[in-house]
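To start, the structure under review is shown below, and the notes come after it.
Since every read-out is calculated from the coordinates, none of them should be taken as a lab result. Just so we're clear, the structure is a prediction, and the values are computed from it rather than from any experiment. All Cβ positions, even for glycine, are placed from backbone atoms using ideal geometry, and neighbour counts span all protein chains on display.
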Ligand code: NDP
Ligand code: MG
């Protein structure tokens with residue numbers, strides 16, 4: 001069997017390294033390209049191990065250092081956005097795993113879609129910021145988008161063999177993040193270092209903070225709307241602290257399908273890559289005898305306003321989700337650097353959204369403009 005060729009955007013991150021781990025043990029893929037932003041020591045090690053045809057470093061200032069570090073290999077080194085676009089559109093590539101963090105994933109994902117590639121989509125910010133454009137674009141170019149996010153992988157699996165008009169609602173589960181059981185007063189004083197202690201998942205810093213604010217669930221709500229083409233009122237968020245049920249679909253006959261498993265991202269990653277097949281892997285199976293209870297509750301939007309803000313942005317439509325997402329990226333970065341407090345994230349997103357003039361049905365240029373403009377406005381706000 002010929003191995004499928006894969007380009008991994010963001011191979012040095014949490015999803016990227018877990019993908020490499022499971023790809024290595026599967027033996028079913030040939031690594032065509034690996035990319036990083038600036039952690040070149042990591043990508044040098046990955047290149048020596050996997051011998052990809054290309055590596056890309058986004059930070060152009062690291063290009064020379066990476067090139068000389070890899071001079072003993074046959075791997076070609078590229079840099080910047082043009083490098084990312086080259087390795088996702090190359091005619092030999094079959095599948096692209098988009099595991100960069102943030103809106104930086106948008107342009108390479110669009111180019112990969114236009115080239116008709118299979119997209120294993122981890123980079124949820126792409127669908128948040130431009131979902132209205134991405135899904136029709138994929139249909140027009142015959143590009144398949146397969147979700148990697150565990151909740152969306154679960155929903156996708158529950159929908160296998162079902163037609164869209166049989167769905168009553170999507171039940172999107174949430175762990176509740178690091179501050180699930182604290183009062184608003186306690187959360188007010190929480191620093192990033194505490195928010196980074198996620199109870200169930202080990203992930204990159206940005207998404208771990210997003211989990212603590214519940215913005216992650218807001219982004220996933222928007223991601224689900226576009227991926228599964230449902231109405232906003234057909235999505236319900238359930239806090240499920242054990243992270244065993246990764247999400248569910250309730251059908252019109254009130255039958256409910258759920259997908260369960262241990263919280264291990266390697267399962268949804270390899271499911272997207274191998275779809276529609278399934279193969280054995282070395283992830284440990286769920287042991288029901290170790291489970292005490294599976295519990296559920298409603299999310300508390302007064303302690304976690306970001307979830308409500310994200311859903312609100314989806315209702316507003318146009319560039320509102322783009323503005324919300326870009327503001328969140330800048331503010332999470334500031335929170336990680338201890339420059340702002342926990343609730344400054346939601347307060348400032350709301351402020352910036354309220355002042356941003358609407359653009360309905362934006363094109364990609366307008367989305368990129370709104371993203372950039374928001375980043376500038378939030379940076380300005382932070383300086384004040
Ligand atoms: P990480 O922060 O761990 O990794 C991010 C990756 O993107 C790294 O390879 C990083 O390179 C690269 N990167 C960062 N900034 C840029 C940039 N400006 N230009 C190009 N590349 C860049 O993130 P995660 O792996 O946690 O998350 C990746 C995506 O997957 C996110 O969209 C997240 O929401 C989504 N996701 C993650 C899950 C998880 O379990 N981690 C679960 C579900 C979804 P470098 O190493 O050089 O900095
Ligand atoms: Mg998720």
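Some observations on this one:
- Residues residue 165 and residue 107, FRET efficiency given R0 of 35 Å [Cβ-Cβ distance, rounded to 0.05]: 0.55
- Per-residue ellipticity at 222 nm computed for the chain from its helices equals -14500 deg cm²/dmol, with DSSP H segments shorter than 4 residues left out and the rest contributing -39,500 (n - 2.57).
- Calculated FRET value between residue 286 and residue 196, using beta carbons and R₀ = 25 Å, to 0.05: 0.45
- Between the C-alpha center of the range 285-359 and that of the range 6-76 there is a gap of 31 Å.
- At R0 = 35 Å, FRET efficiency that the Cβ-Cβ distance of residue 347 and residue 279 yields, to 0.05: 0.15
- Contact order relative to length of the chain, as percent, for alpha carbon pairs under 8 angstrom and 6 or more apart: 15 percent
- Listed peptides 280-291, 61-72, 298-309 by packing density, highest first (mean Cβ within 10 Å): 298-309, 61-72, 280-291
- Sorted ascending by nearby beta carbons within 10 Å, beginning with the fewest, 162, 365, 329 become 365, 162, 329.
- In terms of other Cβ atoms within 10 Å, 335, 275 run from fewest to most in the order 275, 335.
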